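Everything below concerns the one structure shown next.
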C-alpha cells in the first residue's frame, strides 16, 4: 500500500476502532453504575474523549520513543543495497526450462513505521507495517521495543478494569476481574513456553538439529533475537488481546504451543482482551458466573446490587454463541469444500488447525494467523471478511442490550444471601465459568486439531 493509504486510511481506522471499543466499554459500565436511567451517555462525546485524551497523546510520545530506538519513520522510497555476496537463484520458466539468475541487489523497505506501530499496539490493532510484523528489525529493533510493545497491548485493557471499579464505586470488584485475567494469562504463558521449550521429539537424535538442541527447544519460525521465551510471551499476549501483532510465526509452533494462542481467541479474547472489547466480553462471563452462583445459593442472582434476570442471561449467552457459532460453522464448511481445503498447506490435523485459526482470528478481530494457510483466495477473503463483521456486531448488539436493561434497574442493598463479586472466590468462579464454556464449545474441534497432532507427534508422525 502507498504511504498515503497507510497514514490517512489505515491509521484513522486503527484509532477509530480503539476509540469505539472504549466507548462501548464505558457504555456498559454506565449501565451497571446508573440507577433507573434511560440513557447510557453520548457515544460521540465518549469517542472524542478516547481520541483526544487517551489515544493521540500517548501514541505521539510512543512513536517518538520508537524512533529513538531505530524504528523507521520517513517518506523515502525503498532503498537498494549492493549485496556483498551475490546469490544465484534458479527458477522454472513457462516453457519448463530452468532460468538461472544472479541477484546482486536487495530492496530494503522503509516508510512511516513508528507512527503506525504506536497505534497498532496501543489500540490492539495488529497488522504490521512489514509483512513479518514485529519480527522485522525496522519494526521491533531492540529488546526494549519488544517489551514496550507487549506493555502497550495490555495497557488499556488492564486499565479499564480499574475504570470499572472506579465508576461503579466497587474497586475491589475491578481488582477481582483483573486477578482473573492475570491468572489465565500466566497459565497461558507457562503452557506455551513449556511446549516450545521442549520442541519436537522427532528431532532429538538428528545431528542437523544441534543448534536447536542448544537453544533448548523449537526455534522454527522464531526470530533469533527474541528466542523462545519472548516469542511464547508475545504470542500469548497478542492473542489474549485482540491484537494481530506477532514476533514469531504461530504456524511453526509445536501443536500444544500453537493451541494456546488459538484457545485464547476462542475464549473470546477476555484475558485482558482488546481495547474495550476485552472488558465488555469479560463482563458477559461475569453475568453468567453471577447467575450460576445465584442458582447455587437458591436466590435471584445479583450483580452490584442489581437483579440479573432472564433477559440479561439470554443476551449474555447470545453474545457467547454468536462468536462460537460463526467460528465453527465457517470452519465446518471450509473443511468439506474444495475452496476451503485448497488453502491448507499441511495435511491432517495441522490443516484443521490452520482453518480453525483463520476463522477464529477473524471472528475475534485478532488478525494474527497460522501463516501456513493460503488465505489470499476469493473464498477466504470473502468468508473471513464476513466472519469478522459477524464477530464484531453480532457480539456487540446483545451487550448493548444488557447495558440498557441494567441501567433501568433499581439498586438493592446487599443482604446475607448476596454472592460477593470481590475476592479470590469470585475470581475462581469467573475463571471456571470461562474455561467450562470454552471447553464445552471448542474441545471437540481442538481434539481433532492440535491435541491429535500432539499425540501423533509423540507417536512419531509429523505433518
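Given the structure, is residue 86 at pLDDT 90 or above, surrounded by fewer than 15 Cβ atoms within 10 Å (Cβ to Cβ) and more than 17 Å from residue 3 (Cα to Cα)?
It is false that residue 86 is at pLDDT 90 or above, surrounded by fewer than 15 Cβ atoms within 10 Å (Cβ to Cβ) and more than 17 Å from residue 3 (Cα to Cα).
Being within 30 Å of residue 352 (Cβ to Cβ) and in a helix (DSSP H, G or I), is that true of even one residue in segment 399-418?
no
Can you find, within segment 198-223, the residue that is modelled with the lowest pLDDT among those that are in contact with a helix residue (DSSP H, G or I) (Cβ under 6 Å, 6 or more places away or on another chain) and in a helix (DSSP H, G or I)?
209
Give segment 424-460 a look and list any residue that's loosely packed, with under 13 Cβ neighbours inside 10 Å and touching a residue at least 12 places away in the same chain (Cβ under 8 Å), or say none.
Of everything in segment 424-460, those that are loosely packed, with under 13 Cβ neighbours inside 10 Å and touching a residue at least 12 places away in the same chain (Cβ under 8 Å) turn out to be 424, 458, 460.
Cβ-Cβ below 6 Å, separation at least six or inter-chain, first residue in segment 373-388 and over 21 Å from residue 249 (Cα atoms), second in a helix (DSSP H, G or I): which pairs?
379/339; 383/330; 387/326; 387/330; 387/359; 387/362; 387/363; 388/362
Does segment 142-161 hold any residues that are more than 21 Å from the chain's Cα centre (by Cα) and either assigned to a helix (DSSP H, G or I) or surrounded by 20 or more Cβ atoms within 10 Å (Cβ to Cβ) (or both), and which are they?
Within segment 142-161, 143, 144 qualify.
With 348, 367 as the choices, which residue is crowded, with 19+ Cβ neighbours inside 10 Å, at positive phi and in contact (Cβ under 8 Å) with a residue 40 or more places away in the chain?
Exactly one residue qualifies, and that residue is 367.
Among 356, 389, 341, which is the only one that is farther than 22 Å from residue 279 by Cα, within 17 Å of the chain's Cα centre (by Cα) and not in a loop (DSSP other than H, G, I, E, B)?
356
Given the residues 386, 397, which is the only one that is more than 23 Å from residue 34 (Cβ to Cβ) and modelled with pLDDT of 90 or more?
When all the criteria are applied, what remains is 386.
Please tell me if residue 106 is loosely packed, with under 11 Cβ neighbours inside 10 Å and modelled with pLDDT under 90.
Against the criterion (loosely packed, with under 11 Cβ neighbours inside 10 Å and modelled with pLDDT under 90), residue 106 does not qualify.
Look at residue 115 and say whether it is part of a helix (DSSP H, G or I), within 19 Å of residue 17 (Cβ to Cβ), modelled with pLDDT of 90 or more and touching a strand residue (DSSP E or B) at 6+ places or on another chain (Cβ under 8 Å).
Taking the combined requirement at face value, the residue satisfies it.
Quick check: anything in segment 23-46 within 23 Å of residue 152 (Cα to Cα), free of Cβ contacts under 8 Å to residues at least 12 places away in the same chain and surrounded by fewer than 13 Cβ atoms within 10 Å (Cβ to Cβ)?
Within segment 23-46 (the criterion being within 23 Å of residue 152 (Cα to Cα), free of Cβ contacts under 8 Å to residues at least 12 places away in the same chain and surrounded by fewer than 13 Cβ atoms within 10 Å (Cβ to Cβ)), the answer is no, since none of the residues qualifies.
Considering only residues that are over 20 Å from residue 180 (Cα atoms), part of a helix (DSSP H, G or I), in contact (Cβ under 8 Å) with a residue 12 or more places away in the chain and out of contact with any strand residue (DSSP E or B) (no Cβ under 9 Å at 6 or more places or on another chain), which ones fall in segment 297-316?
Answer for segment 297-316, where residues must be over 20 Å from residue 180 (Cα atoms), part of a helix (DSSP H, G or I), in contact (Cβ under 8 Å) with a residue 12 or more places away in the chain and out of contact with any strand residue (DSSP E or B) (no Cβ under 9 Å at 6 or more places or on another chain): 297, 311, 313, 315.
Which condition number does residue 17 fail, the rest of (1) within 26 Å of the chain's Cα centre (by Cα); (2) surrounded by 11 or more Cβ atoms within 10 Å (Cβ to Cβ); (3) not in a helix (DSSP H, G or I) being met?
Tallying (1) within 26 Å of the chain's Cα centre (by Cα); (2) surrounded by 11 or more Cβ atoms within 10 Å (Cβ to Cβ); (3) not in a helix (DSSP H, G or I), residue 17 fails exactly one: (3).
Given the structure, is residue 228 part of a helix (DSSP H, G or I), under 28 Å from residue 344 (Cα atoms) and either touching a strand residue (DSSP E or B) at 6+ places or on another chain (Cβ under 8 Å) or without any contact (Cβ under 8 Å) to a residue 24 or more places away in the chain (or both)?
So residue 228 fits the description; yes.
The values are calculated or read from the model by the stated rules, or taken from the named source; none is laboratory data. Bear in mind the structure is a predicted one, so any value in this text is a computation, not a measurement. Counting neighbours? That spans all protein chains shown, and the Cβs are built from the backbone with ideal geometry, glycine included.
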